[in-house]
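Worksheet for the structure shown next.
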Amino acid sequence: MVDTDSAPARTTATGGGPDSGGGRTALVVGLALIYTLWGSTYLGNRIALESLPPMVTTAGRFLLAAVVLLVIAGLRRSPQLVPTRAQFPGVAVTGILLIGVGSTLLAVGQQYVDSGLASLVVAAVPLWVLALRVCTGQRPSALVVAGVFGGVAGLALLLLAPGTQLHLAGTLTVLASSGVWAVGSWLSQRMAQPADPLVGIAWQMLIGGLAVAVASALTGELGGLRLAEVSGRSWIAWGYLLVVCTIVGYTVYSWLLRRAPLQLVATYAYVNPVVAVGLGMMVLDERLTGRQVLAGVFVLASVAVVVAVERPRQRGPSSPAAPATPT
């Protein structure tokens, strides 16, 4: 999104604004998709990383996804397939932060951190967002603050459960990825981007993916890749990450950033751990303890508070502009 001081009035997407019945339904569906699909990202990452290196895994899926989205945009005859000079900095900054740094740090950290635990650490995203809002002079309501810290308290119940063993470096790496992701998401709503969502997303993926590819080459990770040693299980997980978590999930997330308050969108980080725990039970035959049930109640209650308070409101011409494109 462009800066509020110089932003032109936001054009309303077809199908009604966020306060219309269709707009509310679309937002609910979008949030539900992010809540569930991205909860499976951690399990997919963990399986893919069994025999694929982290930077190669990240660069490959985002570069391929960028090509797919640009082809789709071309087939739709989008009037703009390349960002303008004014839009390129926004595309580059958000692409490098969200993909080049954020997603890569998550993949690197998940080499040492279990998928469920990683999802809990990433749940710090709403807290990072709240800190950014406070640092820029905004004053979130007391209910939003209470909701954020209530969610953190619930996650702490899971994180500090007896028997939980932390890999300090891996955990801090995942935590750093959540901070970078929050900053990238926040900046995406304040920098000019292409008007066509697919084009904006594709270029962010392209630039971020190229940055990761260069890093993998410089560190020797790319040169050490042996495709013959990659298991079929890892390839299937990588394909799932590409289609479901990257093309679909990232697109929906970016669409939400254009139409809902960031604090509302960031609540996905509270629900993802619940989904991750559920997948762990189904795929890895993990057991759900009473402590985990209690933590889940805290988490979901906190999401409900933040969603209720931060529900999308129709913006007037003088209100802050929404992001011009997804990130």
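The values are calculated or read from the model by the stated rules, or taken from the named source; none is laboratory data. Predicted model, so just to flag it, every value in this text is computed and none were measured. Methodologically, a virtual Cβ is constructed for each residue, glycine included, from the backbone with ideal geometry; neighbour enumeration extends over all protein chains shown.
In summary, L155 fulfils each of the numbered conditions (1) surrounded by fewer than 22 Cβ atoms within 10 Å (Cβ to Cβ); (2) out of contact with any Lys or Arg (no Cβ under 8 Å at 6 or more places or on another chain); (3) more than 25 Å from S216 (Cα to Cα) with the single exception of condition (1).
Please verify whether A156 is under 20 Å from V101 (Cβ atoms) and of a type in the set (G, A, S), treating the condition exactly as stated.
no
The set of residues in segment 42-84 that are touching a Pro at 6+ places or on another chain (Cβ under 7 Å) and either buried (at least 18 other Cβ atoms within 10 Å of the Cβ) or of a type in the set (D, E) (or both) contains only P83.
Of the residues L241, L256, the single one that is at pLDDT 90 or above, surrounded by 23 or more Cβ atoms within 10 Å (Cβ to Cβ) and within 20 Å of T41 (Cα to Cα) is L241. Between S185, S177, which is under 19 Å from the mean Cα position of the chain (by Cα) and modelled with pLDDT of 85 or more? Step by step, each of S185, S177 is checked, and only S177 is under 19 Å from the mean Cα position of the chain (by Cα) and modelled with pLDDT of 85 or more. For G116, the criteria (1) at pLDDT below 75; (2) assigned to a loop (DSSP other than H, G, I, E, B); (3) in contact with a Leu (Cβ under 9 Å, 6 or more places away or on another chain) hold in every case but one, which is (2).
When the helices (runs of 4 or more DSSP H) confined to segment 200-280 are screened for residues that are closer than 22 Å to A92 by Cβ, those reaching at least 1 such residues are found at 249-259, 262-265. If you go through segment 7-23 one residue at a time, do you hit one that is part of a helix (DSSP H, G or I), at pLDDT 90 or above and at negative phi? Taking every residue of segment 7-23 in turn, none turns out to be part of a helix (DSSP H, G or I), at pLDDT 90 or above and at negative phi. The condition of being outside any helix (DSSP H, G or I), touching a helix residue (DSSP H, G or I) at 6+ places or on another chain (Cβ under 7 Å), at pLDDT 80 or above and not aliphatic (A, V, I, L, M) holds for only one of P83, P79, P140, that being P83.
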